[in-house]
Each structure stands twice: as structure tokens, then as C-alpha cells.
Amino acid sequence: MLRGSFSSAREAFGKTLTKLGEDDKNIIVITADVGDSSRASYFKEKHPDRYFNVGISEQDMVNFAAGLATVGKKPVVVDFAMFAMRAWEQIRNTIARMNVNVKIMVTHSGYSDSGDGSSHQALEDIALMRVLPNMTVVVPADAAEVERSLPEVLKLQGPLYYRIGRDYSPPITSSMDYNFQIGKATVLREGDDIAIMGAGVLLWDALKAAEELEKMGISAAVINVSTIKPIDEQAIEYYARKTGRIVTVEEHSIYGGIGSAISEVVVKKYPVPMRFLGATGYGRSARSQRDLLDYFGLTPKSIESLVLELIR
Amino acid sequence: MGERDGIPISIDELNKMKAIAERARKNVIKMQFYDQSVHVGSSLSSIDILTVLLFRYIRDSQDKINKDWLILSKGHAAPALYSVLHEKGLIKEDELWKIQSIDGLLQGHPEIFIPGVDMSTGSLGQGLSFGIGVATGIKMAGGSGRVFVMMGDGEQDEGEIWEAMTHAIARKLDNLIAFIEINGYQLDDSTSNVKPKEFLEEVWRAVGWRTFSCDGHDILSIINAVEEAQKAKKPAVIFAKTLRGKGFTPIENSKKQRATPDVTREFLFSS
């Protein structure tokens, strides 16, 4: 935790997917003209006969993938998170309703497409995906967890939404040694007074905040809830009971996202006071993802304030 | 290729198919007694084409790449599909009368848990893309399966149709045959009042499809079109002229989907 260097989530994604394609000849990669930007095109270099760029046609891409899955292929749909949402109804009515084995793997989620501005920044996709029956939702924390989780999620039979950013990937799990399991949260840091839970790049901010809080004598646990659905109810309940307070962090709207998913478990199993850190509106352009996180207050400082609000 | 592909149809077979379509047609009309919301008009428009496909061309099998696929993209014609599947022996008669009921199998739109249904549909414009996926998968695996996709003319308003129409050409598929029924009506109004569609055939041809046309209520005409379409060596589309409510005079060639039980009863007794 917090050891290791910054790396790129999409680079890890493109390389790992390409490697997995060597062993599993059923994997087919489909993109809507964002092969280079998403690094899906690495797969094309090695496996050109199993790579389709359908053009800027997201709806067609989704149903095309469903058809391929129905005759036994393992299609991986790769798109920007935002534009995959253009085909939400196709995902809902064909992929999820027919429960077919299509993996929807998106890059450029959250604020990661910083320069392009609010049209390209997906802050609503987790909510839209986790509401769907049959859909599994996974948000890896960093590039290292992409490498660790990708082989596992591709073993799953059924629809899956897999969400990564672009190049900003601070080290969160890179120094850790664990097996990624769908539906299993991992402990990044133990603590007794508060549990900070979430997924994605903001877990780095959570770990930074925990270090500062320690100096104030507050012991904060940090939990990586990388599977949003099915969520690890057991881990959430355990830390609710242990610490009595929870702050959630996400690079996504706080309405319907990871914090909401965690709170659904908390109110059912063991209600404790909670605070939610995440987006509440649209993004904007910036020169870097970090600039946006700072601008919208998704920082270690904000996490510390929410923790102190609950403890005082 | 199906067993009977390319074999001229005998008078016997022709009469048999006509009788099947007539029985299926009557059963769709009868469904109105049991459920007052089924899409009778749209179903009667599709019934002859579905009969020809299911009784002459579609080879069913557990082997996904060597069977033929029937995708009812205009899912609201589900009653027609169910009635023809009943004639095939795949759906029991009492299920036809339980359509859309809480304890019935048959849903308002096709679902893959219903025997004989290859894709869950209902939201328009999605069947062709799915069909392209199936047809591509079959070709990658070296299978002999063919894919038939049934669409409506109103459905052509959907943007995904354009995405799929252009995609099929890029995939160079020769195992994909689409039907577009031209019955001239969509939900609210006649298609010409909503959005003119006379240009459709020209557009599909310009994009690279082989286009054919037929009388969608004439069994021989449908068969001839399918035979020709199979020789196309590229994606083929058949524009089938049909009538909404064909054979049920109280609603024939109108935007009406159904008639009252009294009118229906009178029609069935007198026919």
C-alpha cells in the first residue's frame, strides 16, 4: 500500500487482455472505434482474426457481442465508459435479460478523460450497471489489480461490467500479495476507529488520509470493495461492527454508486453513521485527472474532514 | 443448406403450408378472446413468412453453429410466432390461450425460455445486430447455420438499424437473410405520415445489400425470394409487402391492432 510507482490502468488492461487471448482462443475483442485509446488494439496486433472494430456504433456493438456469445464465443466489448452507456438499453434488454456471456470492459471512467471534459467523463455508469439483474460489476483499484483481476473475471460465465480509468493509476495494491476473487473485498489497511471503503483510484487518497489520521491518534481501516456487485456483505458488516463509522469514496456520483451499494448493506446488517465522498454533478476539462480530483474536493483532506465529522 | 432448399415446392406441400398458415392465423385471432392487448394486426402481417421459414427453411438443433436461427426483431408479432411454433408442436394449445397471463409461458414479447425462440426481443431495432453476431460466430467456427431476421417497416426508424446494416457489409456475411415487412403502419399512424419510407430499398442496396421483394402473404412468392436471397453471396434483404391484420377483415390494412370480442366472434363464426 502506497508503495510502488504510478502506472497506467489502460496499459495494464491492453497487455493483460492480449496475453489472456493467447490461451483462450474463444476470447473476441470488439470495440466501437476506440481500440487505440483503450489499448484494446494490442489484442489486434496478436490476434487480428479475433478483433472487430464495428465503427462508432455502440448499440450495434452490444447486440453483436450478444449474438457471438450465444454461439459460444467469449466477447469482450471495449469502449469508453461514457459511450458504453449509450447502449444501456441494449445491455439491459439483450445482454442482461438473456444472461449471455458478454464482458463489457470500459476505460476512461470517472474523471480520467480529463481534457475532453464533461461529455466524456462517466460518473453515473456504476449506478446504471449495478441496477441490472444478472450483471456483475468490478472496479479494480489500480493497474496491479487490473493484472490480478482480469484473468479471474474472464473465467466468470455471464454478463460483467469492468471499469477502469486511463493513465492515472496511483499505487494502491501493487505491493500487496493476494488472490483476487469476485465478490471479495480486500483490506488495504487495518484500523479500529473508522472504516474508509470504496473502489478505484480514490483508495490512494483514502490511504493517504489514514496516514494523517494516525498522526492524530485515529486508527482508520481502508477497505477495497472492488466488486460492487455482488458486494461483500460479510466484510462490510464486519467493519461496521468493528469501527462503528464508515466513510465511502468513489470517482462516481454518490447517488446510486459504491457508497449507496455499501449503505444498502449497512442499513440491513448493522446501521452505523456514514458519510459519502464522490461526485455530485458533471465534470469539466482539466490538464490532468489529479487536477479534477483536487478541484472537486476528492482529496485526502476531504476524507479526513468527513472522518473527523463522524468521530467528534 | 436446409434439406428442401432449392427443391421446387409440390402442390401438396404448398397446400399444406397454406393450411398451416390459416390455422395459425385463426389462432392469433382467437387469442383476442383471452387477452385484449395482444398485437393481432402486426402478427397477421408476419404469419405467412414465419410459416414458410419455420416449415421449409429453419433447421432446429442443439448444435448452435449448424442450426438455423430465426430472430423476431419485431417482437410484437410474438403471437404469430407462438401460433406457428404451436403448429410445429413446440408450444401446447392451452399455452396459446394463456398468453400474457400470470400463470402462462407465453410473454407479450419473445423470451428465450420459450421453446423455439432464439432471441429475447421486444425493444425494436436490436435483432439485426444480434443476428450479425450469430452469423459471424457461425462463420468463425466453420458452421453451416443461417440467420433469418424479421423486421418491420416502422422499426426502420431506429438508429441501430443503420449501424447494423452497414456492419453486416463489413463482415461480408453470406449466411444472413433479413426480412422487412412493409405493412405501412407503425404504432401511432401510417408509416408515410410518421416518416416516409419509400427510399428504404434504395438505401439498403446502396449500402451493399442484395435486395429482393416478395408478396409477404403469397407462399410461393416468399419461397422464391428466399431461394434467390440464398444465392446472393452477401447480406440479403427481402422487402415483403404485407397487410396489417391480413385475413381479419375488421382490422385489415388499418392501424387497428384488434377488434372487440363480439366482432371477433362474428368473424370467426362466419368464416
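Odds and ends about this structure:
- B/A buried area, accessible surface, summed, 1.4 Å probe, Å²: 2000
- Annotation: lysines with alpha-carbon distance below 24 angstrom to A:LYS208 (same-chain offsets under eight excluded): A:LYS184, A:LYS242, A:LYS301.
- Virtual spin-label span in nm between A:TYR178 and A:ARG287, 7 Å along Cα→Cβ: 3.6
- Segment B:LYS234-B:ASP103, length gained on full extension (0.36 nm per residue, minus Cα span): 42.8 nm
- Prolate/oblate/rounded label for region A:186-311 (Cα gyration tensor, a/c 1.5): oblate
- Amide H partners (placed H, <5 Å) of A:ILE228, local residues excluded: A:VAL137, A:VAL138, A:VAL139
- Of all DSSP bridge pairs formed entirely within the protein assembly as shown, close to 10 percent run antiparallel.
- Once you reduce region A:174-234 and region A:1-55 to the center of their Cα atoms, the two points are 28 Å from each other.
- Computed over protein heavy atoms with a 1.4 Å probe, the carbon and sulfur contribution to the accessible area of the protein assembly as shown reaches 50%.
- Measuring between their Cα centroids, region B:40-98 and region B:213-271 lie 14 Å from each other.
- When the surface is traced with a 1.4 Å probe over the full set of protein chains, A:TYR270 keeps roughly 80 Å² accessible.
- Förster-model FRET efficiency, 30 Å R0, B:ILE169 and B:LEU14, C-beta, rounded to 0.05: 0.30
- Scattering profile of chain B at q = 0.08, 0.11, 0.14 Å⁻¹ [log10 I(q)/I(0), Debye over alpha-carbon scatterers]: -0.29, -0.57, -0.94
- Modelled FRET efficiency - R0 22 Å, A:GLU152 with A:GLU233, Cβ distances, 0.05 increments: 0.65
- Residue mean of other protein chain beta carbons inside 10 Å, A:71-79: 3
- Gyration tensor (alpha-carbon) shape descriptor, region B:95-188, a/c threshold 1.5: oblate
- Mean separation of Cα contacts under 8 Å (6+ apart) over length of chain B, as relative contact order %: 22
- Distance between the 7 Å Cα→Cβ label points at A:GLU45 and A:LYS301: 4.1 nm.
- Unit charges on C-beta of K, R, D, E only; dipole of the protein assembly as shown, Debye: 600
- The relative contact order of chain A, computed from alpha carbon pairs under 8 Å that lie at least 6 residues apart in sequence, is 18 percent.
- Projecting the Cα atoms of A:LEU128, A:PRO171, A:SER118 onto the charge dipole of chain A (Cβ charges, centred on the Cα centre) puts A:LEU128 farthest toward the positive pole.
- Angle between chain B longest axis and helix B:11-34 axis [Cα atoms, degrees, rounded to 10]: 50
- Nitroxide proxy distance, nm - points 7 Å out along Cα→Cβ at B:VAL203 and B:LYS92: 4.5
- Peptides B:7-14, A:6-13, A:149-156 ranked from most to least packed by the mean count of surrounding Cβ atoms within 10 Å: A:6-13, A:149-156, B:7-14.
- Rounded to 5, percent antiparallel among DSSP beta bridges of region B:2-270: 5
- Where region A:194-312 is the region considered: accessible area per residue in Å², 1.4 Å probe: 41
- Evaluated at q = 0.18, 0.23 Å⁻¹: base-10 log I(q)/I(0), Debye formula over Cα of region B:1-79: -0.85, -1.10
- If the Kirkwood radius is taken over C-alpha pairs of the protein assembly as shown, then at 20 °C and 1.002 mPa s the Stokes-Einstein diffusion coefficient equals 83 µm²/s.
- Measuring heavy-atom accessible area with a 1.4 angstrom probe and counting protein chains only, the residues of region B:63-79 that give up at least 10 Å² relative to the chain alone are B:LYS64, B:ILE65, B:TRP69.
- Förster radius 35 Å - calculated FRET efficiency between B:ASP60 and A:LYS25, Cβ distance, rounded to 0.05: 0.80
The values are calculated or read from the model by the stated rules, or taken from the named source; none is laboratory data. Bear in mind that the values here come from a model prediction, so they are computed numbers and not experimental data. Reconstructed Cβ throughout: ideal geometry from the backbone, glycine too, with neighbour counts over all protein chains shown. These area figures cover heavy atoms from the full protein model, side chains too; ligands, DNA and RNA do not enter into them. Shrake-Rupley method; radii C 1.70, N 1.55, O 1.52, S 1.80 Å.
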